[in-house]
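Chemist: Take this structure first; my questions come after.
FYI, it's all coordinate maths here, none of it is from the lab. The structure displayed is predicted, hence computed values, not measured ones. Glycine gets a Cβ as well: all are built from the backbone with ideal geometry, and neighbour counts include every protein chain shown.
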Amino acid sequence: MRKLLLALSLLAAISTPALAENYSDGIHKNDYKWLQFNLMGAVNELPGKSNHDYMEMEFGGRSGLFDLYGYVDVFNLTSDPDSDKADKRSKMFMKFAPRMSLDALTGKDLSFGPVKELYIASLIEWDGANGSTYDVNNQKIGLGSDVEVPWLGKIGLNLYATYRGNEKDWNGYHLATNWFKPFYTFDNGSFISYQGYIDWQFGMQGEYATSGTGGAMFNGIYWHSDRYAVGYGMKLYKDIYGIENSDSLRSTGIGHYFDVTYKF
């Protein structure tokens, strides 16, 4: 994972300088929004090698100063008592990641080299349960950017400090990047894309984690049309969520995800 992050950094460093976003003619000129529902199947999801289905509402867009990505997952849709998710305290998980453009806010061109735009970046992770150490209630804040990388094009690259809401304490850092690269287009306009993300946490305290580092990389190959998408993703885990891999609880390995999407 560290070698992969280094490779991405080197790619960014050697890429051609990015054209800065120009907001002199209004901050709403690039506004857009999207929404889709994904029916997902997970195989060997870590930690714990869980197999289960879930529905994901995924959304994003841009409005003036603000850039947004987020999703809400609902597990065990049929309330099957034999599901790997049947004993969860909560049936849902939410990620909400708004960013505020510093270029648009200041009216200045803050680009440099391959960095196209800078943001104040935030991330909220929440599973709807409340109180337990194992319930998810994280708030993260830091610096975000859009970076031009050879072949992949524009990627998001964000660095956050992590605040654990249940314990009222700061705990390490989170480096996140994501990409979406169409690489083959059919005669009817549909296309194949390589899309994915990296989440890497580091500097986590022993009070809250058995490993100081951990994360995952998702690599997806998807077919897209105007209304539908079908895809497969391979997720590579390494001590995910700061849980050291062990025989009793696997946190390092490979998971598989299958997806059928409808786009609104």
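Chemist: For the chain, modelled as a Gaussian network with Cα springs under 10 Å, which listed residue fluctuates most, SER248, SER50, SER225?
Modeler: Highest fluctuation among the options: SER248.
Chemist: Right, here's the next one. With no solvent and one point on each alpha carbon, what is the Debye value of log10 I(q)/I(0) for the range 145-264 at q = 0.14, 0.20, 0.23 Å⁻¹?
Modeler: -0.74, -1.11, -1.24
Chemist: Which of TYR237, TYR197, TYR228 moves most in a GNM of the chain, Cα contacts under 10 Å?
Modeler: TYR228
Chemist: Another question about this same structure. Rank ASP226, ASP199, ASP146 by mean-square fluctuation in a GNM of the chain with C-alpha springs under 10 angstrom and give only the top-ranked residue.
Modeler: Per the Cα network of the chain with a 10 Å cutoff, ASP226 tops the list.
Chemist: I need the peptides 30-36, 119-125, 109-115 ranked by packing, meaning the mean over residues of other C-beta atoms within 10 angstrom, with the highest value on top. List each step's numbers first, then the result.
Modeler: Details: 30-36: 12.3, 119-125: 19.1, 109-115: 16.7.
Going from most to least packed, we get 119-125, 109-115, 30-36.
Chemist: Let me ask something additional. With log10 I(q)/I(0) by the Debye sum over Cα atoms at q = 0.12, 0.13, 0.16, 0.17 Å⁻¹ as the read-out, I listed (i) -0.86, -0.91, -1.17, -1.26; (ii) -0.81, -0.96, -1.47, -1.64; (iii) -0.68, -0.81, -1.25, -1.42; which label goes with the value calculated from this structure?
Modeler: Here log10 I(q)/I(0) by the Debye sum over Cα atoms at q = 0.12, 0.13, 0.16, 0.17 Å⁻¹ agrees with entry (ii).
Chemist: Also, I was wondering about something else. Using a cut-off of 24 Å between alpha-carbon atoms, which lysines can reach LYS95, once sequence neighbours fewer than 8 places away in the same chain are excluded?
Modeler: LYS33, LYS49, LYS85, LYS140, LYS154, LYS168, LYS181, LYS235, LYS238, LYS263
Chemist: Once you charge only the Cβ atoms, +1 for Lys and Arg and -1 for Asp and Glu, what is the size of the charge dipole of the chain about its Cα centre, to the nearest 20 debye?
Modeler: Working: 24 positive and 31 negative charges, 69 e Å.
The dipole of the chain has a size of about 340 debye.
Chemist: Given 10 Å bins starting at zero, what is the percent of C-alpha pairs of the range 102-185 in each, up to the one with the largest pair distance?
Modeler: Pair shares across the bins are 16, 35, 27, 18, 4.
Chemist: Pop the C-beta distance of SER90 and PHE112 into the FRET formula with R0 = 41 Å and round what comes out to the nearest 0.05. Don't jump to the answer; show the numbers that get you there.
Modeler: On the way: r = 42 Å, r/R0 = 1.03.
After rounding, the FRET efficiency stands at 0.45.
Chemist: What is the order of LYS181, LYS168, fewest Cβ neighbours within 10 Å to most? Show your work: numbers first, answer last.
Modeler: Values: LYS181 15, LYS168 7.
Going from sparsest to densest Cβ surroundings: LYS168, LYS181.
Chemist: Moving to a separate point now. Over the chain, what is the relative contact order in percent, taking alpha-carbon pairs closer than 8 angstrom and at least six residues apart?
Modeler: On the way: 695 pairs, mean separation 42.3, N = 264.
16 percent.
Chemist: For an R0 of 22 angstrom, estimate the FRET efficiency from the Cβ-Cβ distance between ASN51 and ASN219 and round to the nearest 0.05. Mind showing how you got there, number by number?
Modeler: Working: r = 20 Å, r/R0 = 0.89.
My answer for the efficiency is 0.65.
Chemist: In the chain, with Lys and Arg counted as +1 and Asp and Glu as -1 at Cβ, which of these residues, PHE112, PHE180, MET92, has the Cα nearest the positive end of the dipole, that is, farthest along it?
Modeler: PHE112
Chemist: Rank by packing, highest mean first: peptides 56-66, 151-161, 80-90, with packing defined as the count of other Cβ atoms within 10 Å averaged across residues. Please report the intermediate quantities before stating the final value.
Modeler: Working: 56-66: 15.8, 151-161: 18.0, 80-90: 13.4.
Taking the mean over residues of other Cβ atoms within 10 Å, the ranking is 151-161, 56-66, 80-90.
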